[in-house]
Every structure is written in structure tokens, then in C-alpha cells.
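The values are calculated or read from the model by the stated rules, or taken from the named source; none is laboratory data. Note that the structure is a prediction, hence the values are computed from the model and not measured. Note that each Cβ is placed from the backbone with ideal geometry, even for glycine, and that neighbours are counted across all protein chains shown. To get the accessible areas, we keep the full protein, side chains included, count just its heavy atoms, and leave off ligands, DNA and RNA. Shrake-Rupley method; radii C 1.70, N 1.55, O 1.52, S 1.80 Å.
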Amino acid sequence: MAQINAPKGTYDLLPEDLTHWYYLENKLRQIFQEYGYAEVRTPIFEHTELFQRGIGETTDIVEKEMFTFPDRAGRSLTLRPEGTASVVRAFLEHNLAASGGISKLYYYGPMFRCEAPQAGRFRQFVQFGVEALGTEDPRIDAEIITMAVNFYKRLGINDLDINLNSIGCPDCRPIYRQRLIEHLRPRAEKLCSDCQRRLERNPLRLLDCKNPICKSLIEDVPLITESLCESCGSHFQRLRDLLDAVGIPYNLNPRLVRGFDYYTKTVFEILAGDLGAQNALCGGGRYDGLVEECGGSPTPGIGFAAGMERLMMVLNARKLLPQVNPKPHLYLAPLGEAAQLKVFPLVIQLREAGWVVETDFQNRSLKSQLKLANKLGAPIVGVIGDEELAKEQILIRRMDASQQQTVALAQLEGFLKEEFSH
Ligand code: HAM
């Protein structure tokens with residue numbers, strides 16, 4: 001029968017990969033806790049309307065990339081393509097604003113986008129991210145960017161490109177939008193079909209079109225940073241002062257717009273040069289209108305999300321992942337059926353006492369059991385054959401030395417404690 005493989009754009013994580021994933025997961029939980037963010041877990045699917053309203057009807061994600069399906073009652077559901085809209089929904093549904101202050105939340109889990117798979121781009125991928133709801137203060141923008149940068153630095157990635165922009169607010173953006181449309185309308189016919197469609201509906205998206213003709217056509221467009229209102233301008237300046245104060249370098253990139261309609265003011269991306277075309281490790285920004293869009297009272301927010309797979313690619317390529325091979329403390333080698341009957345409860349007893357113990361399940365010879373113990377990296381092997389059984393003893397072999405000794409079976413745990421106490 002034909003073999004069935006994993007769907008396009010998905011992948012399996014095998015035990016060896018997962019040691020690295022656990023390492024990263026611990027690191028990111030640690031930094032989030034240190035910066036005062038608490039975890040939320042939301043469902044993997046939501047009502048489609050949440051993303052249509054939150055992310056925006058004219059975005060690529062909503063137009064082309066969502067996995068949407070009806071439930072049995074005909075309601076439209078969608079596998080979450082990102083975490084922000086879900087966190088905002090949960091924030092409202094559980095009335096987290098009522099506790100006062102700022103809600104600083106983080107999340108970690110799979111997201112789904114029906115994109116064309118390529119290196120660093122999957123259809124199911126894992127994001128970790130944070131959302132801070134309840135303040136417009138640029139200090140929280142600076143905190144979030146700093147935390148993201150410091151996270152990568154802690155892992156040994158120091159040469160990051162941080163792209164920063166402000167895309168204004170509902171006061172100043174419509175004016176810029178109009179200027180942009182008027183500037184580009186005379187060249188509309190030369191734009192790619194996506195950009196022609198976007199020109200009147202969502203013209204800011206033209207600024208990050210990858211098509212070379214569009215790129216050349218927008219070279220001289222007016223820049224949003226020249227159109228910011230006073231409040232957005234001073235918010236942006238304050239953020240830059242704060243980033244300077246903590247020594248985070250950044251590039252001002254007035255063409256950075258990002259693919260979500262919810263953004264206002266600050267947007268940023270952190271790039272790693274060695275990732276190739278999909279070079280964004282992380283992206284985020286402020287969304288002061290999203291809570292209202294989702295049915296709540298006006299509440300400012302800001303956050304970012306970052307891809308685990310891309311981070312893993314960078315760490316792997318730069319050999320920055322620790323070699324973590326969990327090794328057993330002891331390998332117990334029974335020789336013959338009677339010894340197996342003695343060894344089986346002993347293995348369980350030692351494991352219940354906290355020891356990592358391996359043994360044979362295939363009636364192997366002593367030679368091949370020693371080989372296996374060696375492969376597993378067990379420093380000590382305990383051999384029990386008929387002779388040892390008769391004397392209630394175990395023959396202990398240290399893998400790094402030729403000498404061996406016998407230990408009474410009843411003393412085995414005491415022996416292990418002694419061995420591993422230093
Ligand atoms: P995003 O830029 O779409 O932002 O995604 C954030 C990160 O997720 C990207 O920089 C990338 O590392 C990773 N990523 C995105 N799509 C894929 C994919 N198909 N395959 C692999 N990795 C991917 C957001 O999702 C926003 N919700 C971020 C945010 C949070 N803004 C405010 N709060």
C-alpha cells in the first residue's frame with residue numbers, strides 16, 4: 001500500500017529535535033516571566049469573523065491564506081493564522097481589563113497559514129509572542145522590542161537588524177493614504193495585479209510588494225513618517241529615545257508596513273541576515289484600535305510574535321544549540337529468563353526512585369547489551385546472570401574503566417547514590 005506522508009508545509013519533530021525545542025521553550029518562558037508576562041492559551045480555531053474583523057478583510061492572510069471550514073451547524077471556523085486577535089478576544093471575554101493596570105500576556109503554539117511552503121515558511125508553524133494591553137505609553141513599546149532583542153542575544157544571536165517605523169493613527173493615516181493613492185494612480189496600470197487591486201483599498205500594502213516593477217514604481221513615494229500627526233510623531237520620537245537609552249540599535253524603515261490592518265503607530269521587525277528570503281525572525285507593533293474592533297471599549301495594545309522554526313534554523317546554522325543528550329545513570333543487563341524476572345521490578349523500583357535506568361527487551365547477548373549501553377551513554381552497567389542471582393549480587397562495570405566489582409542487590413541504590421553524589 002502507498003505510504004501516507006505529512007501534508008505539504010508541515011513537519012514532524014523527532015526526539016532529537018525536541019531536546020532543542022525544550023531548551024528554547026524554557027528560555028523563552030524564563031524571559032517572559034522576568035519581564036512580567038503571564039501565559040494564556042487560546043483555542044487553535046476561532047470564529048472566522050474574529051480574523052476578518054481583527055486582521056482585516058483586505059490583507060493577504062484573510063484573502064488567501066486562512067484554513068477555513070464550516071462546523072456541522074454551518075458556522076464558519078478558521079485555524080488561527082496568528083495569536084493577537086485570539087488574545088484580544090480572550091482579554092475581552094474574560095474581562096481582564098477589569099483587574100486594572102496593564103495586562104501583559106504571552107502565548108506559544110501552532111499557527112496555520114495556507115502559504116506556498118519554502119525554506120522558513122510553513123503551513124503549520126509555531127509562534128511565541130506577547131501582547132501588552134492597557135497603555136499607550138511608548139515605554140511599553142520599548143520594553144517589548146528590548147525584550148525580543150535581548151531574547152535573541154541571550155541565545156547568542158548578536159547581529160540582528162531591527163527595522164522600525166510608525167504608521168500613524170486614524171487621524172493622520174487617511175491623509176497619508178490619500179497622498180499615496182494620488183501619487184500612484186497615474187502609474188496604476190504598470191503595477192502588479194495584486195497592487196492594482198490594493199491601490200484603492202489598502203494602498204499601504206504596496207510599500208512592501210516584492211515585485212521588482214512595483215518596487216521601482218514606489219521608489220519616490222511620499223513617506224508616512226513625513227505625514228505623522230503630532231501625537232504619533234512625539235510617540236515615535238519618545239520610543240526612539242528609549243531604545244537609545246537601553247542601547248538597542250535600529251534602522252528607521254519608513255516602508256515597513258506589515259500585513260495586518262490592526263496596526264497603529266509603532267511597527268517593527270527583527271531580521272537575521274542568514275535566513276534568506278524569509279528573513280524575519282519576529283514582527284510586531286501597536287494596535288490601539290483592535291480591542292474596539294473586537295467589541296470592547298477603547299484599549300491600546302502592542303505586541304510581537306516570533307517564529308520558532310526560523311529561530312531554530314539560525315541557531316542550528318550557527319551551532320548555537322547545546323548538545324543535550326539525556327543519558328541513563330545505569331544500564332541493567334539481565335542474562336537469561338530468571339535474571340530478567342529479577343531485573344524487571346528492579347528497573348521499575350529504581351526509576352520510581354528517580355534514576356534513569358535502561359535495560360534489554362530483546363534477549364540480547366552480554367556483548368550486544370554492552371554495545372547498546374555504550375551507545376546510550378550509560379556510564380555504569382549492572383550485569384545479572386545465574387551466578388549473581390544465586391548470590392543476590394550484581395556485577396558492576398564502569399564503561400570508562402576496565403575494573404569491575406560486585407555489589408549486593410539490596411545495596412544497589414545506595415551504590416548509585418554514592419556514585420552520583422559528586
Ligand atoms: P507576523 O509577522 O505575521 O506577525 O509573524 C510573526 C513571525 O512569525 C514572523 O516574523 C515569522 O518568524 C513567523 N512566521 C510567520 N509566518 C510564518 C510561516 N508561514 N512559516 C514560518 N514562520 C512564520 C504576526 O503574526 C502578528 N500577530 C505579530 C503581532 C503580535 N503583532 C502584534 N502582536
Discussion item. So if I restrict to the alpha-carbon atoms in region 330-419, what is the Rg, and what is Dmax, the biggest pairwise distance, in Å?
Written reply: 11.8, 30
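If you take the square roots of the eigenvalues of the alpha-carbon gyration tensor of region 130-241 and sort them as a ≥ b ≥ c, do you get rounded (a/c under 1.5), prolate (a/b over b/c) or oblate? Don't skip to the end; give the middle numbers.
On the way: a/c = 2.69, a/b = 1.59, b/c = 1.69.
Oblate is the answer for region 130-241, as a/c is 1.5 or above yet b/c matches or exceeds a/b.
Show ASP208, ASP241 ordered by accessible area, largest first, where the area counts protein heavy atoms only and the probe is 1.4 Å. Could the numbers behind the result be given before it?
Working: ASP208 45, ASP241 70 Å².
Descending accessible area places them as ASP241, ASP208.
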Fill in: With Cα atoms, 0 to 90° folded angle of helix 366-376 axis to the chain main axis
30 degrees
Practice prompt. Can you grab the distance from the C-alpha centre of region 1-67 to the C-alpha centre of region 254-297, Å, no decimals?
Written response: 17 Å
Discussion item. With just the Cα atoms defining each centre, how far is region 340-379 from region 135-209? Give it in Å.
Written reply: 58 Å
Worksheet, complete the sentence: Expressed in square angstrom to the nearest 10, the accessible area of MET312 with a 1.4 Å probe stands at 20 Å²
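Once every DSSP H run of n ≥ 4 in the chain is given -39500 (n - 2.57) and the sum is divided by its residues, what mean residue ellipticity at 222 nm do you get, rounded to the nearest 500 deg cm²/dmol?
On the way: 14 runs with 153 residues, N = 422.
That calculation yields -11000 deg cm²/dmol at 222 nm.
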Worksheet item: What accessible area per residue comes out for region 330-419, rounded to a whole number of Å², with a 1.4 Å probe?
Response: 58 Å²
Worksheet, complete the sentence: Between the residues PRO186, PRO203, LEU290, the Cα farthest towards the positive end of the dipole of the chain, that dipole coming from +1 and -1 charges on the beta-carbon of Lys, Arg, Asp and Glu, is from PRO186
Worksheet item: Taking only Cα atoms, what is the 0 to 90° angle, nearest 10, from helix 84-93's long axis to the longest principal axis of the chain?
Response: 90 degrees
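Over the alpha-carbon set of region 207-327, divide Rg by the Kirkwood Rh and report the Rg/Rh ratio to two decimals.
Details: Rg = 18.0 Å, Rh = 17.2 Å.
So for region 207-327, dividing Rg by the Kirkwood Rh gives 1.04.
Can you check how the C-alpha radius of gyration of the chain compares to 2.2 N^0.38 Å, as a plain ratio?
Dividing the Cα radius of gyration by 2.2 N^0.38 Å gives 1.31.
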Fill in: Amide H within-cut-off set for PHE67, under 5 Å, with H built and near neighbours excluded
LEU79, CYS114
Discussion item. What is the percent carbon and sulfur in the accessible area of the chain, measuring with a 1.4 Å probe over the protein chains and ignoring ligands?
Written reply: 51 percent
Discussion item. Can you tell me the orientation of helix 308-317 relative to the chain, as the angle in degrees between its alpha-carbon axis and the longest Cα principal axis, to the nearest 10?
Written reply: 60 degrees
Worksheet item: region 72-133: which trypsin sites (Lys or Arg not before Pro) are DSSP loop and have at most 13 other beta-carbon atoms within 10 angstrom?
Response: ARG72, ARG75
Worksheet item: Can you give the accessible area of PHE420 in Å² (nearest 10), computed on protein heavy atoms with a 1.4 Å probe?
Response: 80 Å²
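Per residue, how much accessible surface does region 1-102 expose to a 1.4 Å probe? Answer in Å², no decimals.
On the way: 6170 Å² over 102 residues.
Each residue of region 1-102 exposes 60 Å² on average to a 1.4 Å probe.
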Item to complete: Quantify how much of the Cα-Cα distance distribution of region 105-146 extends past 14 Å, in percent.
Response: 60 percent
Discussion item. Just to make sure I understand: if all protein chains stay in place, what is the order of MET313, MET308 by accessible area at 1.4 Å, largest first?
Written reply: MET313, MET308
Practice prompt. Give the shape of region 65-117 as rounded, prolate or oblate, defined through the alpha-carbon gyration tensor: a ≥ b ≥ c are the square roots of its eigenvalues, a/c under 1.5 means rounded, and otherwise the shape is prolate if a/b is larger than b/c and oblate if not.
Written response: oblate
Fill in: Of LYS153/LYS319; LYS8/LYS319; LYS153/LYS215; LYS342/LYS375; LYS153/LYS327; LYS27/LYS104, pairs whose Cα-Cα distance is over 21 Å
LYS8/LYS319; LYS153/LYS215; LYS342/LYS375; LYS153/LYS327
